[in-house]
Structures are given as C-alpha cells and as structure tokens.
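Right, one structure below, let's go through it.
The values are calculated or read from the model by the stated rules, or taken from the named source; none is laboratory data. All values reported here derive from a predicted model rather than from experimental measurement. Here the Cβ positions follow ideal geometry from the backbone for every residue, glycine too, while neighbour counts run over all protein chains shown. Note: areas computed on protein heavy atoms with side chains; ligands, DNA, RNA excluded. Shrake-Rupley method; radii C 1.70, N 1.55, O 1.52, S 1.80 Å.
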Amino acid sequence: MRKGKSIEGLKVIGQADGTDLGTVKDVIFDHETVEVLAILISERELFGLIDAQVVPWSEIKTIGPDAIMVRSRESVLRAGDDARIHAEMNGEDSLVGKAIHTTDGRNLGVFSDIYFEDNGTIVGYEVSGGLFADAVSGRRFMSVPENFTIGDDVALVPPSIADEMEAQQQSEPGGLKGAAATVGDKVGGVASTVGDVYGNIATASVEKQ
C-alpha cells in the first residue's frame, strides 16, 4: 500500500529503452471508480498551448524506491489523448483540499492524499484537520465510503465513517492502527489480516515524499 505523495518526485524510466521520461508531478485518480488512472510527468506549458504529459497506470511495470519503470517512451501520452484522464484533470469535483462532512453534520476535515495498491486500486484517504485530527500529525486514515457525494464545496460521507475515525483516537500511531480493523474487510484480498493493513499504511506514511 502506498500514499500518492510518496511517489511524487520519483524518476520515470522506460524499461524497454532506458529513456529518462521525467519525474512524477502528481497522481491522477477517479474517485467514482476508486482507481488511479495515471501519473503526471509534465504540466501544461506555453500558456496552455502544450498539453500536459501523462503515463497511464496500465503502462507502469514496477514502482521502485527511486524510480517508476514504465513500458517504454511510447507510454507517455498527452493528457488530451485519453478521455478519462483529461476529464479528471479538468473536472471541477477534485477531492484534494475539499472539506468532508458526514450526513449528520460532523466535520471530518479535508482530503489531503490517497492510499492505493500497486494495481491502482484506492483503499482509503488521508484526512487532515477536523473533528478527529491526531494531536501530533493532524492526519487520519479514512476508508473508502460506500456512499460518497462530492458537492461543489463539501464531500458528504455516511455517519459510519465518523464512527470509524473516532475509534482511531484510541490507537497509535496517528490513529492508523485503529483504521486497520475497519478497513480489513473492505479491501478483501489486498490484506488478509489487520496487521497487514496497519503495517502497509504505516509504511506508506513514512516513505519519502
């Protein structure tokens, strides 16, 4: 399990031809299908005349400690060449930085990052601030809600999400161990035990940013 920010700054290399394709600038994901779509390696340039460059997640072969290996230089696309990637990059319902409230009126904080598996499946979110902020890091783990509404200003989640996060307050470090118990069943084959989930999340939290 990894955090989105943990792969930012990694070098991207074509495995077939050894080409240095740049570095990871951002992770592009679809919250509706709960999957990572691509990595961004170049922003738009020249006042938007040159499109951003991305590598679809399906082109990634492996993620190492210092570099992400992709198929080849042909793995790099212009963002506009892929309809889903283009839509997410230009959408108005971005999650990062958006406030989160439960449908019964509790403020849980704001989205700050994602947790995902190497196959691109998102298994949870990092939340900062809010009702259950950790006293030390100010961040908490939130499992993927079954019911999820992304509004113009606020994301709405079920009250059960707040109950899960409240349980984290009694555990260490940073509430993540408590989250493992509630996330284990939801991620199924991703992690077979509570210990596996906790270990993966804790590791993701300390990977180089």
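Considering only region 59-99, state which residues are of a type in the set (Ser, Thr, Tyr) and loosely packed, with under 15 Cβ neighbours inside 10 Å.
First, pick out the residues of region 59-99 that are of a type in the set (Ser, Thr, Tyr): 62, 72, 75, 94.
Thr62, Ser94, listed by residue number.
With respect to Phe132, is the statement that it is at pLDDT below 90 and not in a loop (DSSP other than H, G, I, E, B) true?
no
Can you pull out the residues in region 100-125 that are open to solvent by less than 70 Å² (accessible area, probe 1.4 Å) and outside any strand (DSSP E or B)?
Gly105, Arg106, Glu117, Gly120 - these are the residues of region 100-125 that are open to solvent by less than 70 Å² (accessible area, probe 1.4 Å) and outside any strand (DSSP E or B).
Within the bounds of region 10-32, is there any residue that is surrounded by fewer than 16 Cβ atoms within 10 Å (Cβ to Cβ), modelled with pLDDT under 90, not in a helix (DSSP H, G or I) and not aromatic (Phe, Trp, Tyr)?
yes
Within region 23-38, is there a residue that is among the small types (Gly, Ala, Ser) and out of contact with any helix residue (DSSP H, G or I) (no Cβ under 9 Å at 6 or more places or on another chain)? Reasoning before the result, please.
If we filter region 23-38 for residues that are among the small types (Gly, Ala, Ser), which is where we start, we get 38.
Next, from what is left, pick out any that are out of contact with any helix residue (DSSP H, G or I) (no Cβ under 9 Å at 6 or more places or on another chain): none.
Looking for residues that are among the small types (Gly, Ala, Ser) and out of contact with any helix residue (DSSP H, G or I) (no Cβ under 9 Å at 6 or more places or on another chain), one finds none in region 23-38, hence no.
When Asp163 is evaluated against the numbered criteria (1) modelled with pLDDT of 90 or more; (2) open to solvent by 20 Å² or more (accessible area, probe 1.4 Å), which criterion, by number, is the only one it fails?
Of (1) modelled with pLDDT of 90 or more; (2) open to solvent by 20 Å² or more (accessible area, probe 1.4 Å), only one is false for Asp163: (1).
Filter region 135-146 for residues that are touching a helix residue (DSSP H, G or I) at 6+ places or on another chain (Cβ under 9 Å) and not in a strand (DSSP E or B); which is modelled with the lowest pLDDT?
First, pick out the residues of region 135-146 that are touching a helix residue (DSSP H, G or I) at 6+ places or on another chain (Cβ under 9 Å): 137, 139-146.
Narrowing the set further to residues that are not in a strand (DSSP E or B) leaves 137, 144-146.
Numbers: Ser137: 57, Val144: 91, Pro145: 88, Glu146: 84.
Only one residue tops the list, namely Ser137.
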